[in-house]
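Comments concern the structure below.
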Amino acid sequence: MNEPIAKYFHTGIIHPMAYPQVMKGEGPILETLKKILDDEYFGAVEVTWMKDDAVRAEAAKMLKTAHVDVVFAGQPPLLSQKLDLNAADSTERQKAVDQCKNSVDQAYELGAKILAVLSGPVPADGDKAAAVDRLADSLIQVCKYAASKGNLVVSLETFDYDIDKKCLIGPTSEAVALAKRVTAECQNFGLTVDLSHQPMLNESIKHMISTAAPYLVHTHIGNCVLDECQGPAYGDQHPAFGCDCGLNDVDEVVEFLDNLMEIGFFNKDLPTSMPVVSFEVKPLPGEDSDIVVSGAKRVLNEAWARL
């Protein structure tokens with residue numbers, strides 16, 4: 001592709017994944033966020049909860065000054081606290097809904113246009129239909145709360161259902177069925193798909209993207225390892241592109257982008273100022289975050305040149 005990436009989408013990066021020391025809402029949030037915002041390669045950034053009010057206020061200033069699209073990653077507070085939007089126990093489910101509402105509040109403070117969340121695990125009792133009913137109710141509650149405060153869109157990211165996170169949602173077709181239910185009551189809802197999760201879902205890239213197309217508002221690209229001998233890289237760990245036994249690299253990014261073009265994603269009217277394609281990459285033990293990020297940029301540059 002001879003035209004610049006920026007004509008089609010904003011390249012984003014998930015801050016708490018690239019710099020996992022901030023995943024729990026603490027740590028060197030401003031210092032590491034500044035590294036991303038100083039880099040004009042990124043037109044978007046995905047941030048997560050920030051427990052300190054003063055840190056969050058300063059981050060909001062930085063994000064506004066940097067002129068980037070902002071997405072709020074609501075997955076870390078749910079995962080780190082083991083909260084479940086489809087929990088059978090009503091008290092536990094309410095905790096998850098309340099956390100998502102708190103994420104809505106922080107998303108507005110930080111200028112985000114999308115709040116990404118995930119379902120809880122596949123239910124132990126095997127009653128998936130009841131769990132989907134509870135999840136739909138939870139998402140509708142969160143969407144209505146978000147809509148009462150502005151134009152924030154809530155997006156459900158699909159995850160593996162039998163390997164690592166073992167989430168209820170899950171297969172892309174099931175995500176679409178859920179999206180139909182939620183959008184019947186709330187228009188501020190969509191789906192996020194992730195190239196890193198595609199091998200774990202046992203779906204082709206084309207199937208994942210074309211199936212999600214009507215509700216797709218946001219995307220991630222990254223790598224995945226399903227060879228258990230690779231230890232810390234195995235499962236939903238988003239290792240660097242090019243790692244040993246990795247299933248996604250330049251060729252798969254080319255295919256992912258080509259399919260996004262085919263469904264018209266880059267011409268879609270979306271909550272962000274431009275479509276967002278974010279790197280979800282994380283350093284393995286002993287790796288340097290900045291080098292992992294630089295490697296991801298090289299992969300995207302090469303993939304774009306091949307289109």
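The values are calculated or read from the model by the stated rules, or taken from the named source; none is laboratory data. Predicted model, so just to flag it, every value in this text is computed and none were measured. Positions of Cβ are generated from backbone atoms using ideal geometry, with glycine treated the same way; all protein chains shown enter the neighbour counts.
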ask   = Any chance segment 140-151 includes a residue that's closer than 16 Å to V176 by Cα, at pLDDT 95 or above and not hydrophobic (A, V, I, L, M, F, W, C)?
value = no
key: Cβ-Cβ under 6 Å pairs, at least 6 apart or on other chains, segment 16-33 side in contact (Cβ under 8 Å) with a residue 12 or more places away in the chain and under 14 Å from D288 (Cα atoms), far side small (G, A, S) and in a helix (DSSP H, G or I)   = A18/S289; Y19/S289
task = Quick one: in segment 74-125, of everything that is of a type in the set (K, R) and within 24 Å of A177 (Cα to Cα), which residue is farthest from the chain's Cα centre (by Cα)?
result = R93
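Going by the conditions given, is V176 touching a residue at least 40 places away in the same chain (Cβ under 8 Å), of a type in the set (V, I, T) and either more than 30 Å from D53 (Cα to Cα) or not in a strand (DSSP E or B) (or both)?
no
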ask   = In segment 91-118, which residues are aromatic (F, W, Y) and touching a residue at least 60 places away in the same chain (Cβ under 8 Å)?
value = none
query = If we keep just the residues of segment 247-290 that are polar (S, T, N, Q) and assigned to a helix (DSSP H, G or I), which is surrounded by the fewest Cβ atoms within 10 Å (Cβ to Cβ)?
reply = N267
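Being in a loop (DSSP other than H, G, I, E, B) and either under 18 Å from the mean Cα position of the chain (by Cα) or surrounded by 23 or more Cβ atoms within 10 Å (Cβ to Cβ) (or both) is the filter here; which residues of segment 204-239 pass it?
Within segment 204-239, G222, N223, C224, D236, Q237, H238, P239 meet the criteria.
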key: Wholly enclosed strands (runs of 3 or more DSSP E) of segment 1-77 bearing at least 1 residues of a type in the set (S, T, N, Q)   = 10-13
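Is there a residue in segment 171-188 that is in contact with an Asp or Glu (Cβ under 8 Å, 6 or more places away or on another chain), buried (at least 21 other Cβ atoms within 10 Å of the Cβ) and either within 21 Å of V104 (Cα to Cα) or at pLDDT 95 or above (or both)?
Among the residues of segment 171-188, at least one is in contact with an Asp or Glu (Cβ under 8 Å, 6 or more places away or on another chain), buried (at least 21 other Cβ atoms within 10 Å of the Cβ) and either within 21 Å of V104 (Cα to Cα) or at pLDDT 95 or above (or both), which makes the answer yes.
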